[in-house]
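Okay, structure first, notes after.
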Amino acid sequence: MFGYIKTHRPELKVWEDEAYKGIYCSLCRELGKRYGVVSRLFLSYDSTFLALTLMSLTDKKICFNKKRCPFNPAKKCQMCSESQDEIAFAADISVLLLYFKIRDNIRDSTLFKAFLYRILLIIVTPFYKKAVKYRPNEDKIVLDYINSQAAVEEKMTKSVDEAAEPTARMLGLLFSEGETDEMQSRVRYQLGYCLGRWVYMADAFDDMEKDRKSGNYNPFILSGNDNYEKIKGDLLMTAGEAAKAYELLNVKKFGGIVKNVIYDGLYYQTLNVYERRLRND
């Protein structure tokens, strides 16, 4: 995941914003607890949304308590006192994805940047090995995604649908992991699938200028698709499909926050990427 899935704060209620920040800070603390202080530097909004969504589907009562921030001891942050299973899951997934993202960056970067990423990989590898012990099934899901994505890029496909499929399928499987109700499992898969497709497309759209200069794989460039209005429309359509899946979820709490991310967050992030492309081209 790439940091695009986030709330649109102007539309959140005050208590919703505080709850979201509490989940974000709780995930930061959990990363430090499981993998050490350095791992907290890799906290992302995407993994926060994964934790939020999983927590929204549980029957557990979620309570928040104020605790001091390790990075700013003078400040107290809201922390979740319950639902550590969901937060731990998101922490482990973020480490698995980070490890393979760094490996991918090594392959796609210049010599100097690749050297820096190799140093980072040395730091992250122990985290990854630990995460694999916690989540062997999820590691297989992520590894399958990596292999499928590599095959797509090696083939140099011009199809955006084909290029986005591995990311979409991976997030679908991760979002539905552990769900025993067949219908809800399908709904959660569809939500994750649409989010994965949207994330891949948004990232590829955002990176068009950089990939033109570097020669890195980008399906929009290979297909000659420079119709930014159409790309924006495809992103909004995919976000709309994610919204349809959300409406079928059995949400028990934090519904306003999850809905804000899917309805408002994806919309405004799409506009942000679209406007960056217009400014930079």
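The table below lists the values:
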{"quantity": "Any hit, the range 144-159, residues being in contact (Cβ under 8 Å) with a residue 60 or more places away in the chain, at negative phi and not charged (D, E, K, R)", "calculated": "yes"}
{"quantity": "Any pair with Cβ under 9 angstrom, 6 or more apart, that starts in the range 267-281 at a residue that is at pLDDT below 90 and ends at one that is open to solvent by 70 Å² or more (accessible area, probe 1.4 Å)", "calculated": "ASP281/ASP226"}
{"quantity": "Subset of the range 3-28 [in contact (Cβ under 8 Å) with a residue 60 or more places away in the chain, over 15 Å from ARG40 (Cα atoms) and out of contact with any strand residue (DSSP E or B) (no Cβ under 8 Å at 6 or more places or on another chain)]", "calculated": "TYR4, ILE5, LYS6, THR7, HIS8, GLU11, LEU12, LYS13, GLU16, TYR20"}
{"quantity": "Output for the range 39-59, where each listed residue is open to solvent by 70 Å² or more (accessible area, probe 1.4 Å), at pLDDT below 90 and assigned to a helix (DSSP H, G or I)", "calculated": "LEU41"}
{"quantity": "Checking GLY265 against (1) out of contact with any Gly (no Cβ under 9 Å at 6 or more places or on another chain); (2) farther than 28 Å from ASP108 by Cβ; (3) not hydroxyl-bearing (Ser, Thr, Tyr), the condition it does not meet", "calculated": "(2)"}
{"quantity": "Leading residue by the ranking (nearest to the chain's Cα centre (by Cα)) among those in the range 83-137 that are acidic (Asp, Glu) and closer than 22 Å to THR53 by Cα", "calculated": "ASP92"}
{"quantity": "Residue match in the range 66-73 (condition: open to solvent by 20 Å² or more (accessible area, probe 1.4 Å), touching a Phe, Trp or Tyr at 6+ places or on another chain (Cβ under 7 Å), without any contact (Cβ under 8 Å) to a residue 40 or more places away in the chain and of a type outside the set (D, E, K, R))", "calculated": "no"}
{"quantity": "Pairs with Cβ under 6 Å, 6+ apart, first in the range 103-114 and closer than 18 Å to LEU143 by Cα and without any contact (Cβ under 8 Å) to a residue 40 or more places away in the chain, second surrounded by 15 or more Cβ atoms within 10 Å (Cβ to Cβ) and of a type in the set (Ser, Thr, Tyr)", "calculated": "ASN105/TYR117; ILE106/TYR117"}
{"quantity": "Options TYR263, TYR189: the member that is without any contact (Cβ under 8 Å) to a residue 60 or more places away in the chain and in contact with a His (Cβ under 9 Å, 6 or more places away or on another chain)", "calculated": "TYR263"}
{"quantity": "Conditions (1) within 22 Å of the chain's Cα centre (by Cα); (2) more than 15 Å from ILE23 (Cα to Cα): number failed by PRO73", "calculated": "(1)"}
{"quantity": "Some residue of the range 162-184 being among the polar types (S, T, N, Q), in contact with a Phe, Trp or Tyr (Cβ under 7 Å, 6 or more places away or on another chain) and crowded, with 21+ Cβ neighbours inside 10 Å", "calculated": "yes"}
{"quantity": "Residues within the range 202-225 that are within 24 Å of the chain's Cα centre (by Cα) and either part of a loop (DSSP other than H, G, I, E, B) or surrounded by fewer than 17 Cβ atoms within 10 Å (Cβ to Cβ) (or both), tallied", "calculated": "6"}
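The values are calculated or read from the model by the stated rules, or taken from the named source; none is laboratory data. For clarity, every value in this text was computed on a predicted model and none was experimentally measured. Methodologically, a virtual Cβ is constructed for each residue, glycine included, from the backbone with ideal geometry; neighbour enumeration extends over all protein chains shown. These area figures cover heavy atoms from the full protein model, side chains too; ligands, DNA and RNA do not enter into them. Shrake-Rupley method; radii C 1.70, N 1.55, O 1.52, S 1.80 Å.
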